[in-house]
Amino acid sequence: MKKVLLFGTLLLFGLPLPAQNIDTLISRLNQSLGKYESISPFDDPLSIDSLGLSAAELKSIVQYANLDDGRIEPISLQEYYSYQIDSAINALFTHPDVRKVNLEARVNAGVVQSQDGRFYQIAFDENTGGTYRSRVVYYQYFAEDSTVSGFNRGEDSESLNLDEDGYYQVDFLGKRSDTSYYFFTGGVRGCSYCFSSSFGLLMGTSNGIGEYFKYQVDARYWGETIKVNFEAEGDSLIHVLYQADDLNYGCNCAASEDFETFDNEYEMEGPQYCYLKFRYHNFRLYLVQQNCIYPDPLAGEIPDEKMWEELIR
């Protein structure tokens, strides 16, 4: 919901911040991020006088927020700081010096910068108070022709085929002709016992950037599901290990398995764990191994780390 409100706020307030020193932009962005994250959507209405706002900020809030006896709802205050964050990031991504600065070291958010200096991501917790740990995500991709760049934020990520919750890591792999390739990992917690993990390839051209290949695991498994050994061409492997449950319906290693039959709410007949191994080669990912691991009544519970060691040694 807040991603939609963000655009409504932008239309209300008008143009982004005027051109200014990039250090000032980063400082203002960090201040707004800190204020946004400090608000709980479950708080009682807050007194405007207790917020330490400047006269200009107070005037801006009064223009659109419903104030009751000098108090403001937390969600309205979050929308205001969302506007400030949006304006600062927009101005930052379009600043002529942005590619000269290490944003990852200076911005208090989930910043991802590719090694070739063309892909940028700034993401932060949407702070809804729910168990779905959704993020507000901003993307910027600079094509080789610097006059062409794709700015993407919030819900627009879907139109560019980028993850709406952002990425943990994006690594530059190299180029083929006028196309650049990147390896990514990502994931999000969708509920108290819902975990999504993913990896894949991004492909960047003069028209922008988007996902070229993606493998995603949805599971109730708390442990690590993806291990990446991305050292060198010809020796780059991605290992996937997860428990079979109702979110993924198992490994499907045996066609005779009835993956709709459950022993209880979260476990089903068939494999207990699923294992896959992918190899990266020449801008592609290949599935080279897939195993089902069935319960052994004599083995007892196997620690996750020991299972990983057995699989990837």
Members of Lys35/Lys227; Lys35/Lys100; Lys59/Lys100; Lys100/Lys227; Lys175/Lys214 lying beyond 25 Å, as alpha-carbon distances in this model show
Lys35/Lys227; Lys35/Lys100; Lys59/Lys100; Lys100/Lys227
Hey, what does the equivalent ellipsoid look like for segment 35-76, semi-axes from the Cα gyration tensor as sqrt of 5 times each eigenvalue, largest first, whole Å?
16, 12, 9
Using the heavy atoms of the protein chains and a 1.4 angstrom probe, tell me the accessible area per residue for segment 45-101 in square angstrom.
49 Å²
Using mean Cβ contacts within 10 Å as the protection proxy, how do 271-277, 85-91 order, highest first?
85-91, 271-277
If amide hydrogens are placed 1.01 Å from N in the peptide plane, which non-local residues have theirs closer than 5 Å to the one on Tyr242?
Cys274
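The values are calculated or read from the model by the stated rules, or taken from the named source; none is laboratory data. This structure is a prediction, so every number in the text was calculated from the model and none was measured. Every residue, glycine among them, receives a Cβ derived from its backbone with ideal geometry; neighbour counts consider all protein chains shown. In case anyone asks, the SASA skips ligands and DNA or RNA and just uses the protein heavy atoms, side chains included. Shrake-Rupley method; radii C 1.70, N 1.55, O 1.52, S 1.80 Å.
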